[in-house]
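Down below is the structure, laid out as structure tokens.
The values are calculated or read from the model by the stated rules, or taken from the named source; none is laboratory data. Computed from a predicted model, the values in this text were never measured in an experiment. Cβ: placed from backbone, ideal geometry, glycine included. Neighbour counts: every protein chain shown. The accessibility values were calculated without ligands, DNA or RNA, using every heavy atom of the protein model including side chains. Shrake-Rupley method; radii C 1.70, N 1.55, O 1.52, S 1.80 Å.
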Amino acid sequence: MKRRFLKFISFMVMTGIIFYHVSCVLGYYDNIHSAAVFSQFYDMPSKTVDAVWIGASSVQEFIIPSVMFEETGITLYSLAVGNEPFMASEFLIRECEREQNPSVYLVDIRQLAYTTQDDTYVRRITDNSKWTVNRMKAIRYMLDNLKFYHPREYDAEIDYIFPFTKYHTRWGDLKPEDFGKDDNCFFGYFIKLNRQSFNETEVRSRFDAIPQEPSEENLKYLNDFLDFCDTLDKKVIFTRTPNCLDEDMFAQYNYMQELIEERGYEVWDLNRDTGEMGLDYTEDFADPMHTNVYGAQKVSKYAAVRLSKELGLPDHRNDSRYACYGTMQAKFLERLGEMESASTQEAGN
Amino acid sequence: MTVTSYRFLLFLLIGAAVYYAAPKRIQWVILLCLSVVYYFLAATPYTILFLILSTVSAYAAGMLMECRYFRGNKTAARWITCITAAAVLINIFVWFLLKGNSFWVRGSSLLHRLFPAFPQLEPLKIVPALGMGYYTAQVIGYILDCYWEICTPQRNILKLFLFVGFFPQLTVGPISKYSELECLYQGHSFDYINITHGSQRILWGLFKKLVISDRLAVIVNGIWADTAFYSGFWPWIAVFVYPLEIYTDFSGCMDIILGGAELFDIRLPENFRNPFFSRTCQEFWQRWHITLGKWARDYVYYPVLKSSLIIRLGKWSKRHFSKRIAKLIPWAAGMWILWFVMGFWHGSSRHIIGVSAYFWTILVLSEICSPGLKKIVGLLKVDTESFSWHFFQSIRTYIIYSFGVVFFTRERLLVALEHVKVLIRTFSCPAWNPWIFFDGSIQSLGVSYGDLNVILLSLVALLVVDVLREKYGYARIWIDRQILPFRWMLYTALLFAVLILGMYGPGFNASEFIYGQF
Amino acid sequence: MTREEVFERLNKVFREVFDDDSIVVQDSTTSDDIEDWDSFEHINLVVAVENEFSFKIPMGKVVTMKNVGEMADIILELGK
């Protein structure tokens with residue numbers, strides 16, 4: 001009887017281990033490296049990250065943590081993926097509190113002028129996060145919001161809790177990234193080389209757009225989050241990364257900035273600091289919403305200096321415990337070099 | 001809650017835990033409660049009244065038969081016959097009312113056209129009970145078994161209700177005899193073997209259904225959905241793949257159900273015995289949906305052949321025809337009634353009766369031609385025990401079955417006839433397209449090369465397991481003899497084949513079982 | 001009617017039903033022993049036996065009889 005029990009337990013354990021590894025491989029995949037953003041975050045040595053920047057592609061394609069480290073030695077992580085719903089911010093902060101305990105959170109408000117209609121954006125976060133009670137609560141919270149504001153057929157909740165049910169069909173088209181080999185994600189950032197030119201004066205003229213109230217849904221998310229920040233014993237700074245969007249977008253962000261400042265929180269409108277950054281509107285943008293790698297490096301360096309000066313974040317450049325940042329920077333520069341030479345070759349052909 | 005859902009598997013797990021934790025005396029009560037709970041979760045709750053009605057009719061009939069008042073004299077015998085007939089007819093009537101829609105609706109509209117005064121009936125808007133065809137047949141079997149004194153009537157109405165509504169059988173059978181399910185009322189101890197064997201069987205059933213059947217369904221349904229585009233050889237592919245689809249669907253479901261019952265140490269009767277290994281059509285129907293065949297044989301065919309009408313027919317045939325034909329006529333008549341009833345049980349629409357007629361014709365023809373064929377085989381000096389001859393016979397049986405079953409799940413005979421036209425069109429030149437087998441155009445149906453490889457490998461695995469079943473009764477008898485690492489490798493491979501390759505999860509519709517509609 | 005007589009008449013029935021004059025049935029003969037005796041031929045056999053002995057075998061016995069010996073027992077019982 002005991003022997004059978006032992007056999008049963010060992011079989012279950014063996015199957016469990018295999019299943020764990022299989023479900024790590026057969027997971028979420030997209031072309032903006034969302035899986036790597038989270039896996040690299042969870043792989044960071046404990047309590048090494050001093051600041052976390054949360055947001056959508058407005059952070060992911062602007063902030064290069066290894067460049068910031070090289071500049072002022074601060075250890076920041078860019079926990080941001082494209083179309084990251086703002087309603088996920090609380091969940092992400094809780095994850096950081098458990099994993100890293102940083103002293104500063106930066107939260108970008110770009111996504112608050114858009115609506116999260118697609119549950120893929122929710123899955124980008126929940127499918128890649130660790131299995132915790134926090135995650136279950138986040139799934140419930142975000143699904144409830146989606147169902148309320150955008151009534152539609154969504155997958156059953158169990159399919160969010162066990163993403164394997166959705167991704168097991170990917171066995172036919174696995175990629176190296178599924179096996180943990182993502183060489184194009186640098187602590188959240190991935191390199192973009194394209195350029196689109198904008199008229200700086202024209203863009204600047206939109207900066208003082210008359211404040212306009214955003215949608216009811218987004219206001220709810222903002223207010224819910226501000227209530228959460230009130231309970232948080234950490235510094236929270238809201239940010240607006242540089243962009244060349246339309247005037248009505250600037251209007252909404254201006255409204256939100258006023259609201260946030262009224263609640264007693266700082267807002268860094270980096271649009272107004274592009275001069276100081278040295279950001280070139282004709283060379284450094286990839287599209288109206290995102291900078292390319294050149295613009296991102298400038299934004300990152302500026303932010304690094306500002307964080308170091310104003311918040312006194314420590315300089316870890318000589319500490320061997322933070323060597324991973326140095327390694328990542330080397331990888332980033334190498335990859336950048338490869339991509340640049342590949343693109344000049346292509347341009348030559 | 002289909003049997004391939006997470007909920008059902010969880011239900012089985014929790015049910016088994018409660019079952020073995022309970023004292024042996026009340027384990028049958030636990031099964032009863034589980035069956036009721038299952039019914040409320042899986043079906044429209046108020047329809048349980050139909051099951052209760054069936055149980056009450058069977059219980060009353062059984063008790064009245066037992067009653068001393070009716071024993072021992074000739075009028076009593078007649079009363080018992082009346083009670084039996086009444087109980088059986090009530091069940092048939094209720095089933096016919098809810099499931100025989102197309103028959104009496106069409107019948108009434110026909111009568112209405114002939115006699116405008118006759119009202120034109122609308123189909124009843126009442127949802128039929130879950131598995132109505134299955135449990136009704138089971139109840140009728142019980143009533144007749146009591147009448148023929150094959151078993152003693154059950155004195156406890158709740159125990160009888162358990163027999164009628166035992167939850168694994170509720171969706172697609174098998175149709176059990178009362179004597180086969182005596183074990184429902186006995187106490188069972190926890191045995192590791194039951195749990196492991198039951199779970200393995202469930203896993204195998206899930207493999208057949210989720211990995212093989214649902215993949216084949218994509219091909220078959222895709223082709224039939226657009227026969228204008230998928231013409232030429234395409235419908236032939238659909239015709240010859242469909243029997244495999246139904247087989248893996250139905251037998252996979254059976255494996256889940258029988259495995260589930262085995263968890264509770266209840267042995268339900270087998271419904272399949274490698275039907276595609278059959279040498280003849282007659283043998284095929286003894287290996288396919290075995291419990292329905294046995295039920296029809298015991299409760300329809302036997303009484304019909306013993307009836308005075310058929311006996312008189314037999315005597316008349318003997319006077320007017322040769323010995324062989326004289327034997328064939330009553331047999332064919334009995335078969336016709338058997339097939340009509342079986343067809344009717346599947347559905348009262350004309351096309352399904354057409355399917356019955358087709359199979360009946362094949363059986364009669366094969367019986368008539370059998371001596372002639374035996375002579376030819378003898379002349380050609382064919383070794384009938386050779387593998388190749390058996391293979392040829394199996395293929396022949398498979399092809400005959402494929403044609404018969406093309407019309408099986410198509411709703412209207414017209415659509416079915418359209419399919420025949422499409423098949424015949426293949427022989428005309430413009431539709432000649434044999435390159436479809438080689439140019440990868442099957443991928444347009446939504447089936448990748450990877451999927452095709454999966455289908456191929458799974459069918460090989462299915463063949464191996466079925467050959468082992470043919471040889472040993474159960475494949476696990478052979479598996480149990482192998483060393484532990486090999487066995488564990490097999491189980492793990494099977495488990496992950498289902499988890500990874502199964503067609504489940506968001507993006508797939510909860511696959512309904514083809515046979516769940518009866 | 002003795003048991004031997006019953007078996008003699010049963011031999012005749014079996015030979016006629018299965019078209020084989022070499023059949024000799026005993027107490028232990030079952031459907032496994034005669035090639036054509038399957039569940040569908042069984043009822044033909046029963047009907048032929050009923051004709052031969054001029055009484056009806058109850059349905060319950062038709063289904064439950066396991067070998068020719070039991071069949072003979074039923075015949076002897078009903079013959080009384």
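Across the options B:LEU9, B:ILE48, B:PHE163, the greatest Cα extent toward the positive end of the charge dipole of segment B:6-190 (unit charges at beta carbon of Lys, Arg, Asp, Glu) belongs to B:ILE48. The residue list C:VAL25, C:ASN51, C:ASN67 was ranked by how far each Cα lies along the charge dipole of segment C:3-79 toward its positive end, using unit charges on Cβ atoms, and C:ASN51 comes out on top.
Could you tell me which helices of chain A pass both thresholds, a Cα extent of 18 Å or more along their own axis and a mean Kyte-Doolittle hydropathy of at least 0.5, with helices taken as whole DSSP H runs?
Sorted by number, the helices that extend far enough and score high enough are A:2-25.
Taking every protein chain into account, the 1.4 Å probe leaves B:LEU13 with about 120 Å² of accessible area, to the nearest ten. Please work out the Cα center distance from segment B:293-316 to segment A:276-349, rounded to the nearest Å. Distance between centres, Cα-based: 89 Å. Taking θ as phi - 60° and the Karplus parameters 6.51, -1.76 and 1.60, the scalar couplings of segment B:491-506 work out to 5, 5, 4, 5, 4, 6, 4, 5, 5, 8, 8, x, 8, 9, x, x Hz in sequence order, x denoting glycine and proline. Legend: calculated FRET efficiency, B:VAL18 to A:LYS137, from the Cβ-Cβ distance at R0 = 35 Å, rounded to 0.05, equals 0.70. Computed over the Cα atoms of segment A:28-348, the ratio of the radius of gyration to the Kirkwood radius (Rg/Rh) comes to 0.95. Dipole size of chain A about its Cα centre, with +1 on Lys/Arg Cβ and -1 on Asp/Glu Cβ: approximately 2040 debye, rounded to the nearest 20. Give the separation of the Cα centroids, segment B:96-165 to segment B:489-510, in Å. Measuring centre to centre over Cα atoms gives 38 Å. Taking every DSSP bridge with both residues inside the protein assembly as shown, close to 20 percent are antiparallel. FRET efficiency for the A:HIS150 to A:ARG170 pair, using the beta carbon distance and R₀ = 22 Å, is estimated at 0.25. With Rh defined as the Kirkwood radius, the inverse of the mean 1/r over Cα pairs, the Rg/Rh of chain B is 0.97. Rounded to the nearest 10 square angstrom, A:VAL67 shows an accessible area of 0 square angstrom against a 1.4 Å probe. The accessible surface of the protein assembly as shown, taken with every protein chain in place and a 1.4 Å probe, is 61 percent carbon and sulfur. Adding -39500 (n - 2.57) for every DSSP H run of four residues or longer, then dividing by how many residues chain A holds, sets the calculated 222 nm ellipticity at -15500 deg cm²/dmol.
Reported to the nearest whole Å, the Cα centre-to-centre distance from segment A:147-225 to segment B:367-394 is 68.
Extending 7 Å from the Cα toward the beta-carbon at both B:ASP191 and B:GLN443 defines two label points whose distance is 5.1 nm. Averaged over peptide B:495-508, the number of partner chain Cβ atoms lying within 10 Å of each residue's Cβ comes to 5. Sequence-ordered 3J(HN,Hα) estimates for segment B:130-143 from the Karplus curve with 6.51, -1.76 and 1.60 and θ = phi - 60° stand at 5, x, 4, x, 6, 6, 4, 4, 5, 5, 4, x, 4, 4 Hz, glycine and proline given as x. Largest accessible area first, the residues A:ASP248, A:ASP43 order themselves as A:ASP43, A:ASP248 under a 1.4 Å probe with ligands, DNA and RNA left out. Placing a label point 7 Å from the Cα of B:GLU283 along the Cα-to-Cβ direction, the residues of segment C:6-41 whose backbone N falls under 20 Å from that point are C:31-41. Using a 1.4 Å probe on the protein heavy atoms only, what accessible surface does A:ILE210 show? Give it in Å² to the nearest 10. Taking all protein chains as shown, A:ILE210 has close to 140 Å². Summed over both chains, the contact between C and B buries some 1800 Å² of accessible surface at a probe radius of 1.4 Å. Once the Kirkwood radius over Cα pairs is known for segment C:3-79, the Stokes-Einstein relation at 4 °C and 1.567 mPa s delivers a diffusion coefficient of 105 µm²/s. Measuring nothing but alpha carbons in the protein assembly as shown and taking Rh as the Kirkwood radius, the Rg to Rh ratio lands at 1.10.
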